[in-house]
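Once you've had a glance at the structure underneath, I'll fire off some questions.
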Amino acid sequence: MTRKSFFLAIAATLMMACKGPEPLPVIPDDPTPSPSPSPAPMTWTTVTPVADSWDGTKRADITYQLLVYSFADSGTDGWGDLKGITQHLDYLDKMGVSALWLSPIHPADSYHGYNAKDYYSVRTEFGTDADLQELIAKAGEKGIKIYLDYVLNHTGAGNPWFQSACSSAESEYRDYYVISSTPEADIKAGKIPSLSSYNSANWYSTGTGGSLGYKGRLHFVLDWSGSVKKVTLTETTDAAQPSNTDTSVNIYVYFGNEKLFRLYKTGNDIYEITLDFDSDWGFLVRTSATSWDAGTKFGSNGAPIQFGTAYNLNNSGNVGNITFGKSDYYYAAFPGGLPDLNYGELANLETNATFNDVAASAKKWIEMGIGGFRLDAVLYIYEKDIPNGNNTFLKTWYDRCNQYYKAVPGNTGDIYMVGEAWTGTDAMAQYYKGLPALFDFEYWDRLSWALNNSTGKYFTKDILNIRSICKAVRSSYIEATKLTNHDQTRAATTLGKSLAKEKLAACVLLTSPGSPYIYQGEELGYWGKIGHEGGADEQVRTPIKWTKSGTVPSSWTSASNIDKNMLSADISVEAQDATDGSLLKVYQQFTRLRNAYPALAQGEMTAHGTYNDSNSNDSYKGLAAWYMTAGSQKLLVVHNFGSSSVTANFPADKLETAIGLNGAAKTQGNTLQLDAYSTVIFMQ
């Protein structure tokens, strides 16, 4: 240090000493604390699911319902067939199904097959017994069973059993059907074990037992004034009249070989005409020249008409013909030539000839290797003492088929059998006394309402309520869940052809408890209304379009009955299978998840503690959340039924590991942001 620096330092020290200490700071009476620094904002994490690999076990019990006539044609005749199904087993295997429900395979009076002519054979258009055996074998190699649709309530009018029964009272098949010349009296006397009441609309002339028709000149007088319409006939020699040309009158007599005559109005609600009448089956009164819909036909009240006596016309349901003489009549719960089979007294069911004949046909298919049956219209087999009579029949039928099944070498467990008891849950559940599995028709009713009303909060409660009702009847019940089937307007139509809703419907089905069914074409977004709702039945039974440019089976119906817009290249299997995010891909993804995770496949549903029916905050009414649990595995399933994104907090749940996603979701700690019509599944 230089001398100059030394002295400068000494001077500075002396100056500080002379200055004195620094004053203390002044503290205000009401201090305002300095603001804390803001924490760094949390960022949303996009949910990217990572699922366990599937071990190949088909534990999810998924069944695919297909229509043999329209699924796939292996040839060129325009009819779907058994070989066509065999050729597309890879498609069904990729969807993870463990069973196929085939539409009726027997020769029948119609394309759909629900009016069998022979329970013992395969319809020619579908192939041969060998083709069925090949399908059973090759499907079995992929872990897929075959279920046959069996119609136990009725046959077709073209069935040789029925033809013989109608031909003579001495026929060996006479008692295979419910036939009577005095049905009302016989029911009252207890002579018809399956019926407790008489309804003339369900009785149809067999065409035997007397003179049904008439040939000669008749004068018709129709009294249309009261609630019950009446017709009076008299024989006459007056001049015959042509059909009235006044189009303001819409009352007709229909008879013979499609003869239709419009009557003349002769007074207030009185209509008359004189005709040269020639008909071997009788006549009907109609109020439309073109429609055969219910309400436009007036016919038999169960008795033949007598000349000179006013005859009360029946307009209830599908009416029978008005005949001129004594006739034998057959009973049919369903119209259109579907005579009911007669199984006689329940106490003697095991020895009843009809029961044993139909059971013998089932034995043939069981021994061939089929794994189960879907039973049609089980509500109607015994309409007396419903449902107890039906349950007695169904349990006897199941036990007999199960006996056959267990006798086949290699079979393990019990035969599968599911019934169509199309009614409300409380009544449907009673049929678990007779069968192990039943279709849950209310499932789709509740789901479609939730989707179309953007309200998911009640769904868990609805499903748990249905399941509790079923479990109270049969602890080991199998709830066959589904969206729609061949007798219902398509899901896509009910959902307004909203692809987002269709995807969500698939996700809900495949994350709910039960044994799900997927109906042919549902996975492709097919639409259409069933006939009684304004479409044609064929519109909900559309063929599968396998390739963008390929043909489809079409000979089974008129081309006008199929909406060709569904058969476009971009809706085809080829197109959707190659497109990420397509409806088909969603089905494939979620069937795989259901097979991979026991909690989805076999788990029990429990309601979420917050997002349920008791949540009064409308911001969350679109959320449906529940847990699926099997053993130690527990999953949180969350669906947004709403049309806009929702953000919700799940403080008690783990949102770190997602295994499934449809749509889009983000998380921020325990907060979930879920897009409209989206689904996410988290491990717990």
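Just so it is clear, none of the values below were taken in a lab; they were calculated from the coordinates. Since this is a predicted model, take the numbers as computed values, not measurements. Glycine gets a Cβ as well: all are built from the backbone with ideal geometry, and neighbour counts include every protein chain shown.
Mean separation of Cα pairs under 8 Å and 6+ residues apart, divided by the residue count of the range 210-327: what relative contact order is that in percent?
32 percent
I've got another one for you. Once the convex hull of the alpha carbons of the range 210-327 is built, what does its volume come to per residue, in cubic angstrom?
About 102 Å³ per residue, rounded to a whole number.
Another question, then. Binning at 10 angstrom from zero up to the longest distance, how are the C-alpha pair distances of the range 159-260 distributed in percent?
In whole percents, the pair-distance histogram is 11, 28, 29, 23, 9, 0.
Moving on to the next point. Report the calculated FRET efficiency for I270 and F334 (r = Cβ-Cβ distance, R0 = 45 Å), to the nearest 0.05.
Between I270 and F334 the formula returns 0.80.
Taking 7 Å along the Cα-to-C-beta vector as the label spot, tell me the D129-W449 distance in nanometres, rounded to one decimal.
For D129 paired with W449, the spin-label model returns 5.0 nm.
What value does the range 604-683 have for Rg/Rh, both radii from Cα atoms and Rh as Kirkwood defines it?
0.93
If you don't mind, another one. Using a 10 Å cut-off around each Cβ, can you sort H608, H106 from fewest to most neighbouring Cβ atoms?
H608, H106
Filter the trypsin sites (Lys or Arg not before Pro) in the range 364-431 to those in DSSP coil with at most 16 other Cβ atoms within 10 Å of their Cβ, and list the result.
K384
In addition: Taking 0.36 nm per residue of sequence separation and subtracting the Cα-Cα distance, how much length would be gained by fully extending the chain between T351 and V50, in nm to one decimal?
102.5 nm
Still on this structure: Tell me, what is the percent relative contact order of the chain, built from C-alpha pairs under 8 Å that lie six or more residues apart?
14 percent
Taking neighbour Cβ counts within 10 Å as the exposure measure, how do T274, T236, T460 sort from fewest upward?
T236, T274, T460
Quick check on the range 378-488: what does the Kirkwood estimate of hydrodynamic radius come out to from the alpha carbon pairs, in Å?
Hydrodynamic radius (Kirkwood, Cα only) of the range 378-488 equals 15.3 Å.
Ranking S568, S616, S678 by Cβ neighbours within 10 Å, fewest first, what do you get?
Taking fewest neighbouring Cβ atoms as first place, the list is S616, S568, S678.
Are any of the pairs K117/K138; K461/K654; K548/K585; K501/K654 more than 25 Å apart by Cα-Cα distance, and if so, which?
Distance filter (> 25 Å) returns K117/K138; K501/K654.
Calculate, in nm to one decimal, what A652 and A360 gain on full extension: separation in residues at 0.36 nm each, minus their alpha carbon distance.
Separation in residues times 0.36 nm, less the Cα-Cα distance, equals 99.3 nm.
What does the helix-only formula give at 222 nm for the chain: each DSSP H stretch with n ≥ 4 adding -39500 (n - 2.57), the total divided by the residues, and the result rounded to the nearest 500 deg cm²/dmol?
-7000 deg cm²/dmol
Counting only GluC sites (Glu not before Pro) that are in a DSSP loop and have at most 15 other C-beta atoms within 10 Å, tell me the longest site-free stretch of the chain.
346-655
Then there is this: Provide the FRET efficiency to the nearest 0.05 for the S476-S227 pair, computing r from the beta carbons and using R0 = 41 Å.
In this case the efficiency is close to 0.20.
Cα axis of helix 499-509 to longest principal axis of the chain: angle in degrees, 0 to 90, nearest 10?
90 degrees
For a distance above 40 Å, tell me the whole-number percent of Cα pairs in the chain that qualify.
I get 45 percent for the Cα pairs in the chain exceeding 40 Å.
Moving on to the next point. Can you give the Rg and Dmax of the range 562-605 based on its C-alpha atoms, in angstrom?
Just the Cα atoms of the range 562-605 yield Rg and Dmax of 14.6, 42 Å.
Using alpha carbon centroids, what distance separates the range 538-574 and the range 448-502, in Å?
27 Å
Additional query: Beyond 17 Å, how much of the Cα-Cα pair distribution for the range 83-178 remains, as a whole percent?
Tail fraction, whole percent: 57.
Give me the extension gain from A169 to S243: residue separation times 0.36 nm, minus the current Cα-Cα distance, reported in nm with one decimal.
22.6 nm
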